[in-house]
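Notes follow the structure.
The values are calculated or read from the model by the stated rules, or taken from the named source; none is laboratory data. In this text, all values refer to a predicted model and were calculated from it rather than measured experimentally. Ideal geometry is used to build each Cβ from the backbone, glycine not excepted, and the neighbour counts take in all protein chains shown.
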Amino acid sequence: MSFWPIQFPALLAALLAASACGLIGNLLVLRREAMLGDAISHMVLPGLVIAAWFGGLLLGDMWRPLNFFGACVAAVAGVALLRWLERRQGLEPRAAMGFIFTAFFALGVVLLEVTGQTNQHLDVEHALFGSLETLIWIDLMSWRDLLRPAAYATMPSALVSLSLALLVALVYFAVNYRRLMAWLFDPDYSQTSGLTLRGMEMTSGLLVAFVAMAAFEAVGAVLVVALLVAPAATAHLFARRFSRQLLASLVLALVMALLGWYLAQAPLALGWLSDTLPASGAIAFAGGLVFTLVLAFGTLSRSRATRP
Amino acid sequence: MTLIDVFLLTALAVFGAACGLLGVFLTLRGRTLVVDAMSHAALPGIALVGLAAGFGLITRSGFALVLGALVFAALAAVLVLVLRRHARISEDSAMALILSSFFGLGVVLFGWLQLLDASQTLGITSFALGQVATMSGGEAWSLLIVALLVLGVVIAAYRGLSLLVFDADYAAATGWPLLKLDLLLMALATVLLAVGLRSVGAIMLLGLVAGPALTGLAGARRMPQALGLAAAAGALSCLLGGGLSLVGTHVPTGPAIILVAAALLTLVLVWRALRPRTLSVTAKAARI
């Protein structure tokens, strides 16, 4: 029975990444800036590679806090560069954003190739498509081991960083709930009531970078975008209150992760294929599927309601 | 460097020039990011052609792969246009959704392809980041021909496209077929992307469309100058980047090209900062 040591950690990582990203994605989708999430999730790569390289050089192995620091520095540098190019240099903002994040990602890929020998934990495939399938928890042989503290010694470190990301996201929303509502729905009011917009932009951008970075290692750069955007955009189709929007995006993120997970496992379970399909890709696809279903259902029920 | 390498690089350089030229129009029309959605969405098209060939339904050819990419890129563009008309979906959300869910489907289908035949030459990484070394002579020919075709059409439709991006209202009032011009712009982008996936890669194509265009627009004050500069920057990026990737180690082609394009943009920005009198139109507007 390989569910507990092999499949459970991967499924748990997918659920944690989905709920953290699903919640944070509201900061992007409600401000109509979903592509900024795309940009940030690509821009963390060079920071991550440099930090992992230095960490490997100085400390012998990947040292995660340093990776987080590197990724956040890269994201902040990228966004600052972006703002400077559009405000001071007068470049077209959308094209500048597209070019900057592509260039950052390109730099990350080239650095990965150059430092390839010293980075055993990072390679181009993982950066692109994630590494859910490689998460293994050796000491977890049944659910009873979850209660045994000794078993946590071999817990994959990705689970720690993802839990931390979810915790930080939950605390951020709990502490800033009213402020966020004002900032997201009525920026003018929030400015007159003494909030600094720059401050909200900064903290939310940092948070997106932090969560994207934690999820990045599990599901890869492009698929982080799916986790960030699909739940919040789907919830926005029907939710009419901020609290419901947040709750719905959290639930939809979990549904999406579970659905994608089973889509990836089904061909093996049914005996059609010799192995499972890539779970991270299936989860991103499931995001599109869930969105389409909700959109179709909403359109159908509305057209039925307006029929004479 | 063999003769075929020289031919590959020539085709790639012409392709870069076409991307730079078209990129100027796409940038001025605010359509650069759609390119990203389209190029990511083309991946499942390629995988489906590979799967159909794996099941013996069709024979796999460079043409079939380009056709698969073309259909899915066009589908993505249409879906973005349809979705953003919905009151509760912003254009950004529509693009990010299409981009990521189609890419996810691509990852799954390429995984399936890998399971059917582990010795597959069709790897998703080379389509995501580009690998010019794996291109055949036929693919280089199609790259060259399509790029020349796009260059020709853009030059022929220069007046209409310029009016579209600078003063759409005036163009409409004087009877230019605005919708057709818009469609032409997107169709040219689709065709260009579909042939460029193999060499530049789905994730990097956006950079080749936006980077040289920004270089051209930042470095010139008049449209013909901007177009020339953008085409030159695109060609030079592809020549140097493609050359680096062919000669050098296993650096994928796309990232090499984009880093050269970034260096060129930096050069132009530095040059402009050192000569404050040659401010571009956009920079003047930003100062005011």
Residue that is farthest from the chain's Cα centre (by Cα) [pool: residues in the stretch A:69-122 that are charged (D, E, K, R) and within 10 Å of another protein chain (Cβ to nearest Cβ)]:
A:ARG88
Is it fair to say A:ALA264 is at pLDDT below 95, among the small types (Gly, Ala, Ser) and out of contact with any Phe, Trp or Tyr (no Cβ under 9 Å at 6 or more places or on another chain)?
yes
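Condition test on B:SER136, is it over 16 Å from B:ILE257 (Cα atoms) and at pLDDT below 90?
Working: over 16 Å from B:ILE257 (Cα atoms): yes; at pLDDT below 90: yes.
Spelling it out, B:SER136 is indeed over 16 Å from B:ILE257 (Cα atoms) and at pLDDT below 90.
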Qualifying residues in the stretch B:107-142 (those that are within 15 Å of A:PRO278 (Cβ to Cβ) and facing chain A (nearest Cβ under 7 Å)) - the one nearest to the chain's Cα centre (by Cα):
B:ALA128
Cβ-Cβ under 6 Å, sequence separation 6+ or interchain: first residue in the stretch A:35-59 and hydroxyl-bearing (Ser, Thr, Tyr), partner crowded, with 24+ Cβ neighbours inside 10 Å. Which pairs?
A:SER41/A:ALA212; A:SER41/A:ALA221; A:SER41/A:VAL224; A:SER41/A:VAL225
Using the structure shown, decide if B:SER126 is of a type in the set (S, T, N, Q), touching a Gly at 6+ places or on another chain (Cβ under 7 Å) and crowded, with 19+ Cβ neighbours inside 10 Å.
no
Condition broken by A:ALA18, with the remaining ones in (1) within 12 Å of chain B (Cβ to nearest Cβ); (2) buried (at least 24 other Cβ atoms within 10 Å of the Cβ); (3) among the aliphatic types (A, V, I, L, M) satisfied:
(1)
Over the stretch A:260-285, the set of residues of a type in the set (A, V, I, L, M) and either farther than 25 Å from A:ALA127 by Cα or over 22 Å from the mean Cα position of the chain (by Cα) (or both) is A:ALA266, A:LEU268, A:ALA269, A:LEU270, A:LEU273
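Among the residues in the stretch A:224-245, are any of a type outside the set (A, V, I, L, M), over 18 Å from A:VAL29 (Cα atoms) and in a helix (DSSP H, G or I)?
no
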Answer from A:LEU146, A:LEU207 - the residue that is within 13 Å of the chain's Cα centre (by Cα), under 28 Å from A:LEU259 (Cβ atoms) and surrounded by fewer than 22 Cβ atoms within 10 Å (Cβ to Cβ)
A:LEU207
For A:SER163, all conditions in the list (1) surrounded by fewer than 19 Cβ atoms within 10 Å (Cβ to Cβ); (2) among the hydroxyl-bearing types (Ser, Thr, Tyr); (3) within 14 Å of another protein chain (Cβ to nearest Cβ) hold save one; what is the number of the exception?
(3)
Selection from the stretch B:83-105 of residues that are more than 7 Å from chain A (Cβ to nearest Cβ) and of a type in the set (Lys, Arg):
B:ARG84, B:ARG85
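Within the stretch A:268-285, which residues are assigned to a helix (DSSP H, G or I) and either at the interface with another protein chain (Cβ under 8 Å from one of its Cβ atoms) or in contact with a Cys (Cβ under 8 Å, 6 or more places away or on another chain) (or both)?
A:SER280, A:GLY281, A:ALA282, A:ILE283, A:ALA284, A:PHE285
This table checks each residue for (1) surrounded by 12 or more Cβ atoms within 10 Å (Cβ to Cβ); (2) at pLDDT 90 or above; (3) aromatic (Phe, Trp, Tyr).
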{"residue": "A:TRP272", "(1), (2), (3)": "no, no, yes"}
{"residue": "A:ALA282", "(1), (2), (3)": "yes, yes, no"}
{"residue": "A:GLY288", "(1), (2), (3)": "yes, yes, no"}
{"residue": "A:LEU295", "(1), (2), (3)": "yes, yes, no"}
{"residue": "A:SER301", "(1), (2), (3)": "no, no, no"}
{"residue": "A:ARG304", "(1), (2), (3)": "no, no, no"}
